[in-house]
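All remarks here apply to the structure that follows.
The values are calculated or read from the model by the stated rules, or taken from the named source; none is laboratory data. Keep in mind that what you see is a predicted model, and the values were worked out from it rather than measured. Counting neighbours? That spans all protein chains shown, and the Cβs are built from the backbone with ideal geometry, glycine included.
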Amino acid sequence: MARWCYRHRLVVLVLWVGALFGLGAAGTSAGTDYSNVFSLPDTDSKQAYDLMTKAFPRSSGDTDTVVWRSSGDAGSVTDTAVRSRIEPALKEIAGMRGVGEVVGPYDAKNAAQISRDGRTAFAQITFTDQANGVPKDLVQKVVDTAQDAERDGLRVELGGQAITRIQEPPTGVSEVVGIAAAAVVLFLAFGSLFAMLLPIVVAIMGVGSGMMATMLLSHVTNVPEVAPLLGSLIGLGVGIDYALFIVTRHRRGIQRGLEPEESAVRALNTSGRAVLFAGGTVCIALAGMLVMNLRFLDGVVIATSLTVVLSVLAAITLLPALLGLLGRRVLSRKQLRKLAAAGPDPAEASGPAARWSAYVQKRPRSIAAMALVVMAVLALPVLSLRLGATDQGNNQESTTTRQAYDLLAEGFGPGFNGPLQVVVPGGADTTELVRTIRATDGVAQAAAAPPAGGITVIQVVPKTSPQSVGTDRLIDRLRDDVIPEAGVEAHVGGVTAVFKDFASVTGDRLPYFVGAIIGLGFLLLLIAFRSLVVPLTAALMNLIAAAASFGVLVAVFQWGWGTEFLGIGKEGPITAFLPVIMLSLLFGLSMDYQVFLVSRMHEEWVHTGDNARAVRVGLAETSRVINCAALIMICVFSAFVLSGDMEGAMAGIGLAAAVALDAFILRTALVPAAMHLLGRSNWWLPGWLEGRLPHLTVEPAEPPAESPAGPRKSTPHKNTPHKNTGPRKNTEHIQTAEHIKTAEPEKSGTGGATVVHGFLRTADGDPLAGASVTLVSRGGRQLDRVTSIADGSYIVSVPAPGAYILAVTARGLASRAHHVTVGSGPLVYDVELTDEGAGLVN
């Protein structure tokens, strides 16, 4: 498929552009129908809601509030000077098209809308549509008309869901900022404008298609308002990262001398498969939210999974087409000139990465201890984690919704913004129950509305705010003590009670969800790496990362450390559904990094049986790409602080912290340090389990090479390689590389695959990096070719014991070849290269 997309690039590009614009046109014409379904079956608040719906059908439109307060010499809100300014404004609003009804406080039956001190009053505005359907220009006109009534000593503010819409920043601000920051990181990593644009274009196409498709799906299923925001957040992160992995592999192939088409095909056949595996893992992790059995999360799963799927599809189809359009221009001009002048430039581990990897190997205990201390300190705040819901009291102080919330709390009490409804069915006498509720500790006031349809609703105003622990305790007190003692059937409902029940159910089911996704990750890594310790380590690291990231979340959003500085409003409880979403995304992203890191270590272990070398080489060769990918995700996630949505800001900060801690502390320090300390135990797997596990490879294996002994027998999962008795010295005649193909093949012995490994050094004893080492059969067939890394080491695969030719070439040195005879175990073969030829060190 990669080759077809590369060769038919214009067709692929037209199909993607057509799909994006087609979905966009359909989504724009259909609009959105997002709905937040927080109610839960078998909960007290759900039963109260169902009873109230039958007795009091909801009005068709959204209800918002106009609040005004007089101060100083302005007098009471009932004074003529105040009424003469407020009543004309309310009358004008009532006459606007799209406004159904305005209920003011100046009718005798609405006297309760004036505070006891006479300084605060409010009116309720009911629109003809729900909040999402109310035109923004109408909302702005209502706000302007109401606030035009202000004067010295008279303050007017507005609150409600429709009012919130005009406070939101322009759509796409957070996405644009995140993409811009990612572009800077990509340009610094690639040094090429075209290479920088590739991951961004792919991510935009995937996320754009996902957003438009989510808009259409909102008409056929319940999709919450926060789902598109979360979908774009995760879609941009994984879309850019997946394209980054493929483009990096493609550029490396061109630098090694491959033609652009062949390089693109190989990149898609290797890194592209890893992207498919990673994307599938993320979708499986997201689907784990279904374990919670919460209707609200079903829409989140649909939106985020759909965006991830389309991002992966863009990476494996659109990206090869774009690579075909650019050809060699994915390299910078400097890299192209170097390639033309000096020929292929084999890739090697970067200097800082190799040095850090060596340092971790030397001091694993101290590095592991420091990393654990840092993570433990960051995780401490999680002990005070409290789940709940955000409301307009958490908005920024400068917003009219926050000020209206504060005015109502000041005039009518903090509990007025979140009243409770005690619903009594069956027409029972509620006089005694109302009297008991009024006498209950924590209740500011309680009053029963006239019965309707045999159902009585008692409005209860707590003394504490909706997000207060005291309000949660009052709900429990009413349910557990007051109502049972009254001997009547009653249910406690209202928005505050619904959110409390949602948080309680989420907390109760969270351990099952965590167990499901951790167990899934353990199983996938067990099959992929044929080890018990590697998946156990990964599971532990996921839990550590989750605890530390939630600690950061609690410190910022619940304790308020920096909320006003970041411009995200007032502190409050953590949104109840956020832990589930964050854990799903964190699990998926952590699996990406774990697979990318450990797969390279596992490859080295299979070849050498040397755990220390495997961990050192794996970290040195992957840490740069992991850190670059993590930095991009941090930029994208952090930008969602600008979304104007508290849940979006929480998710952005939480995921940015999680990715930073996972990549820079866990995968770069703690994981390799722990693997050094565990030694060969990392790769232990009971024999009885080995034969029962299916085989799963993230990247395709190289095709087996034939040798005189027959087809190469691969033993990629041997946990106990042959133990060397010492380096084998070869004293056979040395031929030049030009005469390799003239030798006749010799009969090989019998046995399985093995390796030749060692170090290349100059005459001065310095490691020789970037040299090409090729293993050739005596008949002249190339069997394996590698490039020495920063420390001068190399490993070539040998299909079977026998006689071979080992060719070593390096820029500026003479090319030479050696006859080598390989037995049943690994052969250690160190080589010293000089200007005059090559000589044995051993």
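Data table
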item: Residue match in the stretch 139-151 (condition: of a type in the set (A, V, I, L, M), part of a loop (DSSP other than H, G, I, E, B) and touching a helix residue (DSSP H, G or I) at 6+ places or on another chain (Cβ under 6 Å)); result: yes
item: Answer from Thr608, Thr668 - the residue that is of a type in the set (Ser, Thr, Tyr) and at pLDDT 80 or above; result: Thr668
item: Members of the stretch 64-80 found to be in a helix (DSSP H, G or I) and surrounded by fewer than 16 Cβ atoms within 10 Å (Cβ to Cβ), listed by number; result: Gly72, Asp73, Thr80
item: Within the stretch 323-367, considering residues that are more than 22 Å from Arg249 (Cα to Cα) and basic (Lys, Arg), the one modelled with the lowest pLDDT; result: Arg355
item: Unmet criterion (only one of (1) in contact with a Leu (Cβ under 7 Å, 6 or more places away or on another chain); (2) among the charged types (D, E, K, R); (3) within 17 Å of Asp645 (Cα to Cα)) for Lys570; result: (1)
item: Residue in the stretch 361-383 that is surrounded by the most Cβ atoms within 10 Å (Cβ to Cβ), counting only those that are over 24 Å from the mean Cα position of the chain (by Cα) and under 23 Å from Ala657 (Cβ atoms); result: Ile367
item: Residue pairs meeting the criteria (Cβ under 7 Å; at least 6 apart or on separate chains; first part of a helix (DSSP H, G or I), in the stretch 380-395; second of a type in the set (Phe, Trp, Tyr) and surrounded by fewer than 22 Cβ atoms within 10 Å (Cβ to Cβ)); result: Pro381/Trp559
item: Residue within the stretch 468-481 that is touching a Lys or Arg at 6+ places or on another chain (Cβ under 7 Å), modelled with pLDDT of 90 or more and among the aliphatic types (A, V, I, L, M) present; result: yes
item: Looking only at the stretch 431-467, and only at residues there that are touching a Pro at 6+ places or on another chain (Cβ under 8 Å), farther than 23 Å from Leu51 by Cα and in a loop (DSSP other than H, G, I, E, B), the one that is modelled with the lowest pLDDT; result: Gln467
item: Residue satisfying all of: in the stretch 200-254; under 19 Å from the mean Cα position of the chain (by Cα) and not in a helix (DSSP H, G or I); surrounded by the fewest Cβ atoms within 10 Å (Cβ to Cβ) among these; result: Glu225
item: Filter result for Gly413 (on the phi > 0 side of the Ramachandran plot, outside the structural domain of Gly160 (by TED's automatic domain parsing) and either surrounded by fewer than 20 Cβ atoms within 10 Å (Cβ to Cβ) or touching a Gly at 6+ places or on another chain (Cβ under 6 Å) (or both)); result: yes
item: Pair list, Cβ under 8 Å, 6 or more apart: the stretch 562-583 residue without any contact (Cβ under 8 Å) to a residue 40 or more places away in the chain, other residue of a type outside the set (Lys, Arg); result: Gly562/Val556; Thr563/Val556; Thr563/Phe557; Thr563/Gly569; Thr563/Glu571
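For (1) in contact with a helix residue (DSSP H, G or I) (Cβ under 9 Å, 6 or more places away or on another chain); (2) within 28 Å of Leu385 (Cβ to Cβ); (3) buried (at least 23 other Cβ atoms within 10 Å of the Cβ), each residue gets a yes or a no:
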{"residue": "Leu433", "(1), (2), (3)": "yes, no, yes"}
{"residue": "Pro450", "(1), (2), (3)": "no, no, no"}
{"residue": "Gly454", "(1), (2), (3)": "yes, no, no"}
{"residue": "Gln467", "(1), (2), (3)": "yes, yes, yes"}
{"residue": "Asp480", "(1), (2), (3)": "no, yes, no"}
{"residue": "Ile483", "(1), (2), (3)": "yes, no, no"}
{"residue": "Lys500", "(1), (2), (3)": "yes, yes, yes"}
{"residue": "Tyr512", "(1), (2), (3)": "yes, yes, no"}
{"residue": "Ala516", "(1), (2), (3)": "yes, yes, no"}
